[in-house]
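The structure under discussion appears below in the form of structure tokens.
The values are calculated or read from the model by the stated rules, or taken from the named source; none is laboratory data. Quick caveat, the model's predicted, so the values are computed rather than measured. Because the Cβ atoms are built from the backbone with ideal geometry, glycine has one as well, and the counts that use them run over all protein chains shown. Heavy atoms of the whole protein, side chains included, go into the accessibility calculation; ligands, DNA and RNA do not. Shrake-Rupley method; radii C 1.70, N 1.55, O 1.52, S 1.80 Å.
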Amino acid sequence: MQATTRSKETQFEAESRKVANFPDVEESLTKRFAKTEMTYLDKITSLLGARNPFKKKANSQDNEVWLLNNTAHRPIDKSTGKPGPWQAEFVAAFFVNGRADINSAVADILDTIGLDGNIGEDPGVRQIIEERLRPFVQQIAPARTVDITIPTPDATQGGSHVRTLGPSDGNGISSQDLMTGGRDDSDGKTVACTSTSFPNLKNQLRFAGPDGWAIISDIDDTVKRTMTPDPLGVLKSTFIEPTQVIGGMPELYKTLHAQFNNPAWFYLSASPYNLYPFLHSFLSQHFPAGTIILRDSSWMFFAGLLQSLTEGVQEYKTDRLEKIHSWLPRRKVICIGDSTQSDPESYAAIYKKYPDWIKAIYIRKVTDAPFMERKNEDKRFDDAFKDVPGSVWKVFVQPAELEAAVRALQG
């Protein structure tokens with residue numbers, strides 16, 4: 001399961017939030033949407049877990065279901081050192097169809113940002129706002145299940161198998177480890193899992209064997225301009241403005257993908273799961289396919305977006321890095337992040353614990369966002385990486401600065 005939303009906040013994170021006035025902006029936003037509309041039975045049974053006797057199948061007439069992309073791995077037997085059968089963590093999100101109060105949500109966001117309400121009347125802008133807001137407004141569906149079909153990654157092996165995901169929890173999310181099937185030569189292959197109940201439901205399940213390379217990348221202000229240090233900047237970039245890619249990063253990631261022989265990719269963000277379709281669409285356009293790991297909370301909660309990106313980020317990311325290590329402990333890992341959040345501290349903490357696992361840490365120094373003076377101080381990076389060899393970590397402004405470091409990794 002994913003880490004909880006209100007993770008322990010570091011002093012650095014608390015001070016950063018105060019300087020940028022995050023608490024006041026959060027207070028001005030709508031407090032909560034549809035959880036009050038859940039039936040009493042749904043509220044109670046969502047707490048019962050996998051053995052919930054009141055769980056029921058989701059159906060396309062009443063529900064919408066997301067199935068997130070994921071990565072299959074082979075756990076290593078500690079006694080023999082040999083890889084076991086393929087398995088993967090499957091994450092699904094369940095909603096109730098038919099929510100219609102998007103107008104008040106649009107007005108709320110425009111009000112907070114300080115934009116004229118007429119902006120929301122422009123058809124093109126209105127479409128962008130509604131698409132991005134809807135997952136925060138749409139009612140969640142707890143205690144629901146869905147059957148998915150997992151095909152074999154090798155056509156000669158034949159067959160497929162059906163697994164049940166769920167029931168969903170109080171956030172409308174289910175997360176569970178399932179056997180996937182697969183052989184020794186499945187490494188690097190990808191299959192699409194589907195559902196007969198939801199014709200449009202499909203994900204990409206990538207098979208990543210024990211050995212090789214893996215790249216773990218942050219999203220916000222590492223590859224996508226989000227303006228994470230500024231609460232109003234976050235709201236504008238998330239709900240209103242066209243997405244902006246960080247210059248030079250698509251080219252860098254294309255180079256990494258080619259030079260390190262089709263590595264396993266993980267995009268680790270502190271954003272809530274509400275943003276999965278938005279972020280998945282963005283990454284698909286510009287970057288190698290991979291597993292997107294997001295927080296499992298803040299459903300129907302605008303202020304939760306800001307809290308998710310700024311509170312307890314170091315604890316959350318360290319927890320998720322531990323999870324990836326448990327999947328692929330023998331892979332050689334490159335970590336890429338930026339200076340707006342706690343990426344330097346998170347990556348350094350994991351390096352200290354698993355120095356043979358992480359081969360490089362690259363941190364983008366963000367110079368085009370406000371409230372970055374302290375976050376970009378040399379002392380911050382020196383303190384964060386005091387236990388990491390200088391040959392392992394590098395701070396950069398332009399991706400081209402990493403060319404020599406990337407070449408050196410290949411020996």
Determine, yes or no, whether ASP368 is assigned to a loop (DSSP other than H, G, I, E, B), in the same structural domain as PRO263 (by the TED database) and open to solvent by 10 Å² or more (accessible area, probe 1.4 Å). yes
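Open to solvent by 30 Å² or more (accessible area, probe 1.4 Å), modelled with pLDDT under 95, touching a strand residue (DSSP E or B) at 6+ places or on another chain (Cβ under 9 Å) and not small (Gly, Ala, Ser): is that true of ASN261 in this structure?
Yes, satisfied.
I need the helices (runs of 4 or more DSSP H) fully contained in segment 10-95, keeping only those with at least 2 residues that are at pLDDT below 65 and not hydroxyl-bearing (Ser, Thr, Tyr). Let's see the steps before the verdict.
On the way: elements: 11-19, 22-28, 40-45.
Helices (runs of 4 or more DSSP H) meeting the threshold: 40-45.
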Residue in segment 372-385 that is touching a helix residue (DSSP H, G or I) at 6+ places or on another chain (Cβ under 7 Å), more than 21 Å from GLU13 (Cβ to Cβ) and assigned by the TED database to the domain that holds VAL223 present: no
Taking segment 325-347 only, how many residues are in a helix (DSSP H, G or I) and under 30 Å from LEU232 (Cβ atoms)? 5
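Residues checked against (1) touching a residue at least 60 places away in the same chain (Cβ under 8 Å); (2) open to solvent by 10 Å² or more (accessible area, probe 1.4 Å); (3) of a type in the set (S, T, N, Q):
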residue	(1), (2), (3)
ASP154	no, yes, no
GLY188	yes, yes, no
ALA192	no, yes, no
THR196	no, yes, yes
PRO210	yes, yes, no
TRP213	yes, yes, no
LEU232	yes, yes, no
LYS236	yes, yes, no
Against the condition closer than 30 Å to THR152 by Cα, open to solvent by 10 Å² or more (accessible area, probe 1.4 Å) and not aromatic (Phe, Trp, Tyr), how does ASN203 come out, does it pass? no
May I ask you to list the residues in segment 174-186 that are in contact with a Pro (Cβ under 9 Å, 6 or more places away or on another chain) and either touching a residue at least 60 places away in the same chain (Cβ under 8 Å) or buried (at least 23 other Cβ atoms within 10 Å of the Cβ) (or both)? SER174, MET179, THR180, GLY181, GLY182, SER186
Return the residues of segment 284-314 that are at pLDDT 95 or above and more than 22 Å from VAL245 (Cβ to Cβ); say none if nothing qualifies. none
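Picking from TYR351, TYR276, TYR347, which residue would you name as being open to solvent by 10 Å² or more (accessible area, probe 1.4 Å), closer than 28 Å to ASP211 by Cβ and not charged (D, E, K, R)? Reasoning before the result, please.
Working: TYR276 fails: closer than 28 Å to ASP211 by Cβ; TYR347 fails: open to solvent by 10 Å² or more (accessible area, probe 1.4 Å).
When all the criteria are applied, what remains is TYR351.
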